[in-house]
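Data first, discussion second: the structure below is written as structure tokens.
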Amino acid sequence: MSKQPPVLNTTRKFPDNMTSAHALVVKAKRGEKGNAKGKGYAVPAFNVTTFQGINAAMKAFELLGSSGLLAFSNSALKHFGEGDQVFGLDVATSYIKKMAKKSSVKIATHLDHGDYITEPGRKVLQAAVQRLTSVMADNSTDHINKIAMPLKDNIELTREVVDMAHPVGLSVEGELGVLAGEEDEDTKSEFSTYTNTDELDQFLKETGVLMLAPTIGTMHGPNKGKPGQKVKLNIPLAHDLLKIANEINDEIVFVAHGASTLYPQVAEYAVKQLNEMGNGKSADRQKWQDFVGTDWDQIEGLIEAGFCKINTDTENRQTFLAALLGAINENSAKIDIRWYDNQCTDALTKSYIQKLIMAGNYGVWHEPKINVDKFKFDLGISLKDLISQAS
Ligand code: G3H
Ligand code: 13P
Ligand code: ZN
């Protein structure tokens with residue numbers, strides 16, 4: 001493997017208003033909005049699992065003029081494809097292509113936690129290269145033996161993906177270090193290891209990836225720490241890693257997995273609904289009260305250290321579920337299921353708008369259609385009213 005890795009082909013023409021994830025994220029690292037250059041911002045990668053999730057995200061991007069990043073886990077693709085991930089890719093991508101065509105912003109589609117280790121993983125990754133605009137090759141953990149993948153193997157497997165994806169214009173995200181928590185319904189890790197600075201230089205040079213997920217203490221899922229305690233990320237390590245990456249190529253961007261902050265008002269809203277419904281399941285109430293996200297100041301620290309793609313799934317799932325509880329509490333005998341669907345989709349849209357504003361990802365492709373300083377994320381107020389209050 002002495003040959004130089006292929007550079008990303010940036011001349012590839014994707015369908016209308018679609019581009020590689022790297023194109024959007026490097027723009028954020030440079031702080032580019034329209035023709036202006038300012039402070040760096042981040043592009044949240046929203047894990048979408050349903051058509052309504054796609055609609056909610058697209059609406060949020062449009063309202064804010066944001067760079068949009070839609071991510072698909074293997075299990076989400078199974079869900080779209082009724083068990084068949086490749087069919088799921090076809091179904092989801094043809095829908096997004098139509099949505100993007102009428103969009104006022106640019107979006108990217110990304111395979112989240114794809115792996116090139118297992119046979120099924122390789123099959124999905126190869127299919128994703130044909131259909132998406134970006135892929136993750138997560139080869140840092142040997143999930144069968146529950147150990148960290150040896151560096152040499154992680155490099156070789158990731159490089160195979162870069163060889164396949166970069167010439168056709170798809171950005172590749174690698175992972176170095178082991179992240180704790182559940183990353184897919186089939187893959188989870190009880191342990192975590194920080195990214196090793198000595199290994200970073202070799203990994204980046206030999207794989208050629210332009211997007212990398214190092215591990216600095218974030219974690220997947222709704223229990224990122226003990227209730228009442230603040231999650232502390234290794235921000236000094238993030239800066240050390242950034243320095244190494246920038247010396248190789250300042251277009252390399254870092255990705256924060258497990259970047260959900262979790263909104264306290266969402267948990268409070270859910271608990272209120274459970275109380276009002278007299279729900280006997282006190283264990284569920286306790287679960288809502290025990291959820292712990294990573295405080296935004298920690299994520300901001302990462303953004304300053306070049307983590308310009310921030311993966312956000314759990315907090316949006318929580319918002320959806322809290323809204324469903326609220327809808328059922330308000331009316332549990334409405335036969336028109338579109339009403340429940342709309343309540344949950346509107347809530348998801350609010351959650352997405354809130355995170356895009358926090359990340360500074362607005363006014364990138366056009367001026368926001370709402371006043372971002374006036375937007376208030378509140379599950380008790382309809383999306384229509386929140387938008388008009390911020391107009
Ligand atoms: O990090 C990954 C996501 O949270 C994926 O979750 O496999 O249940 O869609 P999922
Ligand atoms: P959260 O569980 O914090 O939302 O992280 C999601 C993620 O990293 C998807 O890749
Ligand atoms: Zn992840």
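Quick notes on this structure:
- Summarising the label geometry, the points placed 7 Å from Cα in the beta-carbon direction at PHE51 and LYS226 lie 4.7 nm from one another.
- Sorting the segments 225-232, 87-94 by their mean number of nearby beta carbons within 10 angstrom, highest to lowest, gives 87-94, 225-232.
- Percent carbon-and-sulfur accessible area, the chain, ignoring ligands, DNA and RNA, probe 1.4 Å: 50
- Using the empirical formula 2.2 N^0.38 Å as the baseline, the Cα radius of gyration of the stretch 345-391 reaches a ratio of 1.06.
- Listed pairs LYS102/LYS309; LYS29/LYS146; LYS97/LYS369; LYS106/LYS376 exceeding 32 Å between Cα atoms: LYS29/LYS146
- Length released on extending from VAL86 to GLU367, taking residue separation times 0.36 nm less the Cα-Cα span: 97.5 nm
- Zone of GLN265's modelled label, taken as backbone nitrogen in the stretch 318-357 under 19 Å from a point 7 Å along Cα→Cβ: 318-327, 343-357
- Counted over the stretch 1-145 with a bin width of 10 Å, the fraction of Cα pairs per bin, in whole percents, is 11, 39, 34, 14, 2.
- Contact order normalised by residue count of the stretch 24-108, Cα under 8 Å, 6+ apart, percent: 26
- All-pairs alpha carbon distance profile, the stretch 153-285, 10 Å steps from 0, percent: 11, 33, 29, 15, 10, 3
- For the chain, the per residue solvent-accessible surface stands at 43 Å², with DNA, RNA and ligands left out and a 1.4 Å probe.
- Förster radius 30 Å - calculated FRET efficiency between LYS384 and ARG30 (Cβ-Cβ, nearest 0.05): 0.25
- Inter-label distance, nm, simple model (7 Å from Cα along the C-beta direction), ARG12/GLN289: 5.0
- Measuring how big the chain is from its alpha-carbon positions, Rg and Dmax come out at 20.1, 66 Å.
- Surrounding net charge for GLN298, when Lys and Arg each add one and Asp and Glu each subtract one, Cβ distance under 12 Å: -1
- Listed peptides 198-210, 70-82 by packing density, highest first (mean Cβ within 10 Å): 70-82, 198-210
- Summary value for the chain: 21 percent relative contact order, contacts being C-alpha pairs under 8 angstrom separated by 6+ residues.
- Overall form of the stretch 277-391 per C-alpha gyration tensor (a/c, 1.5; a/b vs b/c): oblate
- Over the stretch 102-251, relative contact order from alpha-carbon pairs under 8 Å, at least 6 apart, %: 18
The values are calculated or read from the model by the stated rules, or taken from the named source; none is laboratory data. Being a predicted model, the structure only gives us computed values, none of them experimental. Backbone-built Cβ (ideal geometry, glycine too); neighbour counts: all protein chains shown. The accessibility values were calculated without ligands, DNA or RNA, using every heavy atom of the protein model including side chains. Shrake-Rupley method; radii C 1.70, N 1.55, O 1.52, S 1.80 Å.
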